[in-house]
Number of protein chains: 4
Amino acid sequence: MITPFKENGDVDYDKFVRNIERWNQAELTGYLVLGSNSETVYLTEEEKLKLIALTVKHRKKERVVLAGTGMESTRETIRLTNKAADLGVDAALIITPFYYGGKMNDEALINFFTEVADHCKIPILLYNVTKVTHISLLASAVEVLSKHPNIIGMKDSSGDMAQMVEFIRVRDKQFNLLAGTASAWYPALALGIEGGIMALANACPNECAQVQKYFNEGNINKARELYLKLYPVNKGVTTIFGVAGLKYSCELLGFDGGWTRKPLLNLTENEKSSMKEILKCAELI
Amino acid sequence: MITPFKENGDVDYDKFVRNIERWNQAELTGYLVLGSNSETVYLTEEEKLKLIALTVKHRKKERVVLAGTGMESTRETIRLTNKAADLGVDAALIITPFYYGGKMNDEALINFFTEVADHCKIPILLYNVTKVTHISLLASAVEVLSKHPNIIGMKDSSGDMAQMVEFIRVRDKQFNLLAGTASAWYPALALGIEGGIMALANACPNECAQVQKYFNEGNINKARELYLKLYPVNKGVTTIFGVAGLKYSCELLGFDGGWTRKPLLNLTENEKSSMKEILKCAELI
Amino acid sequence: MITPFKENGDVDYDKFVRNIERWNQAELTGYLVLGSNSETVYLTEEEKLKLIALTVKHRKKERVVLAGTGMESTRETIRLTNKAADLGVDAALIITPFYYGGKMNDEALINFFTEVADHCKIPILLYNVTKVTHISLLASAVEVLSKHPNIIGMKDSSGDMAQMVEFIRVRDKQFNLLAGTASAWYPALALGIEGGIMALANACPNECAQVQKYFNEGNINKARELYLKLYPVNKGVTTIFGVAGLKYSCELLGFDGGWTRKPLLNLTENEKSSMKEILKCAELI
Amino acid sequence: MITPFKENGDVDYDKFVRNIERWNQAELTGYLVLGSNSETVYLTEEEKLKLIALTVKHRKKERVVLAGTGMESTRETIRLTNKAADLGVDAALIITPFYYGGKMNDEALINFFTEVADHCKIPILLYNVTKVTHISLLASAVEVLSKHPNIIGMKDSSGDMAQMVEFIRVRDKQFNLLAGTASAWYPALALGIEGGIMALANACPNECAQVQKYFNEGNINKARELYLKLYPVNKGVTTIFGVAGLKYSCELLGFDGGWTRKPLLNLTENEKSSMKEILKCAELI
């Protein structure tokens, strides 16, 4: 879920709630608040907790709420996750600590996630997002962590398909693998993962849900065809234009994007034209 | 196809021919001589031409012979490819020039492949092998080149699935996409590519052929299952142990690996034990 | 300045103060609290402010106090820096925001640092630490920012000597360039930068000061000789063993290292032996 | 030394000789034929030998001639180097084999260079050019190789100053370290290396010689000042425009650049204007 801001930089909670109400109409399974497209690193703890509370309150009743509550230190991660749990979050998505990336080896990461899982009131999912962290959870660590009863899965946004194969091979049976970026989603589905959590679903939730639905029904050619059509849009809202591109696409597709928070730049007029063109080519507008 | 050497560094042509005779018994579609696992960069032109001639002579009659005849300069690539054509090769696999990688932009690569395709007597396939070249053909270049009547396809060994999606989207209809490494093969098949040319088929040709056969028959679960089982073997003979690991696996699986040529090292005893263990886990020995 | 922790993870303020008192005896020009070797990302705001206050209080009177108060968002950076200013800090070291590294282009970074410098009560220094951030300030941005009256310099920890040459060429005359890592320090001094802020000075402050002193006196051969002798120690406390290696070296050299905070691991016994050996080779113990 | 080509792609030997005659007027110590700026990978063996013979014949009598005779295989490297020796070359510059870069570990590279040095009639220099090879000789290998009586030095074009410090620390006394790129040259001189072999000297040999002369005389400020002035020119003829930029600069500065060989592109008109502007800013034209 994106976080709309006002021009003055304050969180625009009204727009945030309006988005939830519209996503409630779409065929989604749940929501991730405070993800890597939520400008979470720009938010104060007070803002984070308010966004969590609003998500829990306004989501359609049966839908799952995940919150990205990972921090660099073990103790802060546990503290914030348990605050989120108290607000009614179903599970937490915990990013690999990465500031001292060169030292985040298997032992450090296994210790970290084990201690977090041991001390959190809600289940956790591992979050592997190499584009941001410049480190990757290895299969050797996932093999160990997937056996922990309170670690229920992983969102893998690395896009590394060879590594995904290894995750699939070594994981414990009850451990869910989710694609974290639409670019790797369809090939990973073909390999046998369970689903996805992706930025693109902010802007075109029904189309994303449709790919998964076609695939689950065994309608593989239709799933692939729709996936290939959406691919350039995903590239636009991630690699090329990032969060600002995603927010602008949301605006064009009936949601509230709002401003980015500084230092993140909004799209220029030229960039807006390119993004609009991409949406047109995909017949979304 | 691997190139077996004698301990003194000479090409072991007898072993080379014996391998072909054994591969002729397996369910393969064709052969690639002088690929990136053939230690081609260590061969003199005389040796290259002899290996080509032997492959053409000994292959099972209906099978296709491809030869890797790309050189750094345009003129040498054309000259060598036409020599290969005269020896009976069906098509040439042309690697992207990469010594001046920073300057091999779309314009340079489009010019290069167009001029090569224009002047060669046989069709060519593009060869994108980023692990070696540290550059990648972009979709924008593939879009143009796939329309050339004498460029019939591409072997993509990059393993970059997002880029493969783009290749699939932009290519001309008659242009064949082939996975160049087993690690990306199954996901790429699911995305709609045509097949693969891979190191792994040296050591276990029938198993590789079976994955493709299952997939083509729509037997997707069996294809995936076998693919996942072979995956660690592929990792062993590429990423972990490379050509020396591939040659040793060939020895264990009934083919002739022979020595590597210097400066490439043969496996140590410890490495041999690890490679053997990987083959055992995959139930190949 | 390192931040010593207790075994239970709490900040050990007593050890922190004892270190300052010992560094006060050494030939240092000033202190940097909350740098990248201070495990700053693991600290709460309350802990940060207490460490700042203690540094200001206990430093030898004429010495400069810098604080690393950069945050990902512009508004939080300004807020925290002004709190540090109120506590008596002389200048702030502001890291380039990097979570959305792909979007931190010249425009974003120039906007960020300009707005921060405009709204802070104390002068700021740019902090370019590519090993952590995976982005680099470019000379084109430094050229603009070095003219801002409230931006007084840069700590460059990139170790990229070619880029340092460009910084030297384009900077405004009044803008100070400081090496941020001992590995690049002597060559950068030779190129004409002003000095350095480096992890190594935690463990052997007098030796570091001596290199600079020899250099400033024109005693170039002695400066280089001592620098070359210290080089492996610097590699040990940065590249090889990182913060944990630095803390252990501090322990061996008469300072208080304390524990690291989780998830950062302390040295194993084997690593301790290696680090000790490095210090012995450099005749520091 | 650049290799001028005719528009039809043939080597322009007349221009090549005219360049030598002009460089003979400049304050150079010697020549490197078949370096990484000579488009060596585009040359046939016949062309290579002819260029070597012409260099030996036309160089000013006391000047050293080096030839880049490294090939991927050990046996070909020895064969070609000894042919160069027979033509009168003083020493050979041997690039690290790099096609199977992931396997070129210390053992492989030490074996390679040792066997080459053992079997060549002339002394050799190691050539570390990471931009091309994507691998680097490590200090651990250089420590061993620098003791070999027939390995007299290394041209390091990596630009990695931290690694240069390690080379300086571990090398045998009689082993010469030469900067391979002007961007790292002055800082490396300050660290104590012996000199440089650099592309830039094709276009402005006297200016390059002057930097070294000032430095050797202890005139450090003048050396640095001239170095800083030349720096953007070096960046233009290496990083930005590469060989084509170097050849065009040679044309503008009184030498014969000639055409590049395909697939390498010549400069566009816009690029020529930029390159000319850089030369003007450095007051070379």
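How far apart, in nm, are the 7 Å Cα→Cβ label points at D:E45 and D:I240?
Label-label distance for D:E45 and D:I240, simple model: 4.1 nm.
From the backbone phi of segment A:133-140, what are the Karplus-calculated ³J(HN,Hα) couplings (6.51 cos²θ - 1.76 cosθ + 1.60, θ = phi - 60°) in whole Hz, Gly and Pro given as x?
Computed from phi, the couplings for segment A:133-140 are 8, 6, 10, 9, 4, 9, 4, 4 Hz.
Given a 1.4 Å probe, show me the residues in segment D:51-83 buried by at least 40 Å² of accessible surface when comparing the whole protein assembly to the chain alone.
With the partner chains in place, segment D:51-83 has these residues losing at least 40 Å²: D:E72, D:S73, D:R75.
Using the Karplus curve 6.51 cos²θ - 1.76 cosθ + 1.60 with θ = phi - 60°, work out ³J(HN,Hα) for each residue of segment A:143-155 in order, rounded to whole Hz, and write x for Gly and Pro.
After applying 6.51 cos²θ - 1.76 cosθ + 1.60, I find 4, 5, 5, 5, 8, 6, x, 9, 10, 9, x, 8, 9 Hz.
Of the beta bridges DSSP finds with both residues in chain D, what % are antiparallel, to the nearest 5? Don't jump to the answer; show the numbers that get you there.
Numbers: 2 of 24 bridges.
That works out to approximately 10 percent antiparallel.
Would you give the gap between the C-alpha center of segment B:3-21 and the C-alpha center of segment A:202-280, rounded to a whole Å?
Taking the Cα centre of each part, segment B:3-21 and segment A:202-280 sit 54 Å apart.
List the distances, in nm and shortest first, from the label point of B:N176 to the matching label points in every other copy, placing each point 7 Å from Cα along the Cα-to-Cβ direction.
Those label-point separations list as 4.2, 5.4, 6.7 nm.
Let a ≥ b ≥ c be the square roots of the eigenvalues of the Cα gyration tensor of segment B:1-47; is it rounded (a/c under 1.5), or, if not, prolate (a/b larger than b/c) or oblate?
On the way: a/c = 2.66, a/b = 1.53, b/c = 1.74.
Because a/c hits 1.5 or more and a/b fails to exceed b/c, segment B:1-47 counts as oblate.
Summarise the long-distance tail of P(r) for segment C:1-113 by giving the % of C-alpha pairs beyond 19 Å. Mind showing how you got there, number by number?
Values: 2927 of 6328 pairs.
Tail fraction, whole percent: 46.
Shortest first and in nm with one decimal, please list how far the B:G9 label point sits from its counterparts in the other copies (point 7 Å along Cα→Cβ).
3.1, 6.0, 6.6
Out of all DSSP beta bridges in the protein assembly as shown, what portion is antiparallel? Express it as a percent rounded to 5.
On the way: 8 of 96 bridges.
Around 10 percent of the beta bridges assigned by DSSP in the protein assembly as shown are antiparallel ones.
Which percent of the accessible area of segment C:133-285 is formed by carbon and sulfur heavy atoms (probe 1.4 angstrom)?
49 percent
For B:K50, place a label point 7 Å out from Cα along the Cα→Cβ vector, do the same in each other copy, and report the separations in nm, one decimal, smallest first.
2.8, 7.8, 7.9
Within segment A:105-193, what is the number of lysine pairs with alpha carbons under 22 Å apart, leaving out pairs fewer than eight places apart on the same chain? Please list the in-between numbers first.
Details: A:K121/A:K147; A:K121/A:K155; A:K131/A:K155; A:K147/A:K155; A:K147/A:K173; A:K155/A:K173.
Total qualifying Lys-Lys pairs in segment A:105-193 comes to 6.
With every protein chain present, what accessible area does C:D256 have (1.4 Å probe, heavy atoms only), rounded to the nearest 10 Å²?
20 Å²
Over segment A:1-60, what percent of the accessible surface lies on carbon and sulfur atoms, probe 1.4 Å? Provide the component values of the computation, followed by the final result.
Numbers: 1060 of 2480 Å².
Ligands and nucleic acids excluded, carbon and sulfur reach 43 percent.
If amide H atoms are built 1.01 Å from N in the plane of the peptide, which residues on other chains or at least 5 residues away come under 5 Å of the amide H of C:G196?
Placed amide hydrogens put C:A179 under 5 Å from C:G196.
How far, in nm, would the chain grow between D:R22 and D:I285 when pulled straight, counting 0.36 nm per residue and subtracting the alpha carbon separation? Let's see the in-between values first.
Working: separation 263, 0.36 × 263 = 94.68 nm, distance 1.74 nm.
Net length gain for the segment: 92.9 nm.
Across all directions of projection, what mean area in square nanometres is found for the Cα convex hull of the protein assembly as shown? Please list the in-between numbers first.
Numbers: hull surface 169.6 nm².
With every direction weighted equally, the projected area is 42.4 nm².
Can you give the FRET efficiency to the nearest 0.05 for B:E194 and B:L138, using r as the Cβ-Cβ distance and R₀ = 22 Å?
Values: r = 21 Å, r/R0 = 0.94.
Calculated value: 0.60.
What is the spread of the Cα atoms of segment A:102-218 along each of their three principal axes, largest first, in whole Å?
39, 28, 27
How long, wide and thick is chain B, going by the Cα atoms along their three principal axes, in whole angstroms, largest first?
The principal-axis extents, from largest down, are 47, 45, 38 Å.
Under 5 Å between amide H atoms, partner at least 5 residues away or on a different chain: which partners does B:L32 have, H built in plane at 1.01 Å?
B:L66
Mind grabbing the interface size between B and D? I mean buried accessible area, both sides, 1.4 Å probe, in Å² to the nearest hundred.
On the way: alone 13210 and 13210 Å², together 23190 Å².
Buried area (both sides, nearest 100 Å²): 3200 Å².
Report the charge-dipole magnitude of segment B:55-132 in Debye, nearest 20, computed about the Cα centre from +1 at each Lys and Arg Cβ and -1 at each Asp and Glu Cβ. The partial results should precede the final answer.
Values: 11 positive and 9 negative charges, 110 e Å.
So the magnitude is around 520 debye.
Let me spell out the model: positive unit charges on the Cβ of Lys and Arg, negative unit charges on the Cβ of Asp and Glu, origin at the Cα centre of chain B. What dipole size does that give, in debye rounded to 20?
Details: 33 positive and 34 negative charges, 79 e Å.
It comes to approximately 380 debye.
Rounding to the nearest 20 debye, state how big the charge dipole of the protein assembly as shown is about its Cα centre with +1 on each Lys and Arg Cβ and -1 on each Asp and Glu Cβ.
Working: 132 positive and 136 negative charges, 0 e Å.
Its charge dipole is roughly 0 debye.
How high is the FRET efficiency from A:N176 to D:H119, r the C-beta distance, R0 41 Å, rounded to 0.05? Working shown, then result.
Numbers: r = 59 Å, r/R0 = 1.45.
With R0 = 41 Å, the Cβ-Cβ based efficiency is 0.10.
Amide H to amide H, which residues 5 or more places from D:M71 or on other chains are under 5 Å from it, using H placed in the peptide plane?
Counting only residues 5 or more places away or on other chains, the set is D:T77.
In deg cm²/dmol and to the nearest 500, what is the mean residue ellipticity at 222 nm of the protein assembly as shown if only DSSP H runs of at least 4 residues count, each as -39500 (n - 2.57), divided by the residue total?
On the way: 52 runs with 556 residues, N = 1140.
Here the helix-only value at 222 nm equals -14500 deg cm²/dmol.
So how far, in whole Å, is the C-alpha centre of segment A:98-169 from the one of segment B:66-90?
Taking the Cα centre of each part, segment A:98-169 and segment B:66-90 sit 47 Å apart.
Name the residues of segment B:182-224 whose accessible area falls by at least 40 Å² when all protein chains are present instead of the chain alone, probe 1.4 Å?
B:P187, B:A190, B:L191, B:R224
Send over a whole-number figure in Å² for the accessible area per residue of segment A:137-285, probe 1.4 Å. Provide the component values of the computation, followed by the final result.
On the way: 5630 Å² over 149 residues.
Using a 1.4 Å probe on heavy atoms only, each residue of segment A:137-285 averages 38 Å².
Within chain A, which is the longest segment that contains none of the GluC sites (Glu not before Pro) sitting in a DSSP loop with at most 10 other Cβ atoms within 10 Å? Walk me through the intermediate numbers first.
Working: sites that count: A:E7, A:E62, A:E217, A:E283.
Of all site-free stretches, the longest is A:63-216.
As a check on your reading of the symmetry: which chain A residue has its Cβ nearest the axis that brings A onto C, and how far is it in Å?
Here the value is A:H134, 3.
Suppose R0 equals 25 Å. What FRET efficiency, 1/(1 + (r/R0)^6) with r the Cβ-Cβ distance, do A:L252 and A:K222 give to the nearest 0.05? Each step should come with its number before you reach the end.
Numbers: r = 25 Å, r/R0 = 1.01.
Once the sixth-power term is evaluated, E becomes 0.50.
Determine the per residue accessible area of segment D:2-86 with all protein chains present and a 1.4 angstrom probe, expressed in square angstrom.
Numbers: 3420 Å² over 85 residues.
Heavy-atom accessible area per residue stands at 40 Å².
Mind grabbing the accessible area of B:R79 for me, 1.4 Å probe, Å², rounded to tens?
90 Å²
The values are calculated or read from the model by the stated rules, or taken from the named source; none is laboratory data. Just so you know, these numbers come straight off a predicted model, no measurement behind them. Quick reminder, even Gly has a Cβ in these numbers, built from the backbone with ideal geometry, and neighbours come from all protein chains shown. When the accessible area is computed, the model is the full protein with side chains, heavy atoms only, and any ligands, DNA or RNA have been set aside. Shrake-Rupley method; radii C 1.70, N 1.55, O 1.52, S 1.80 Å.
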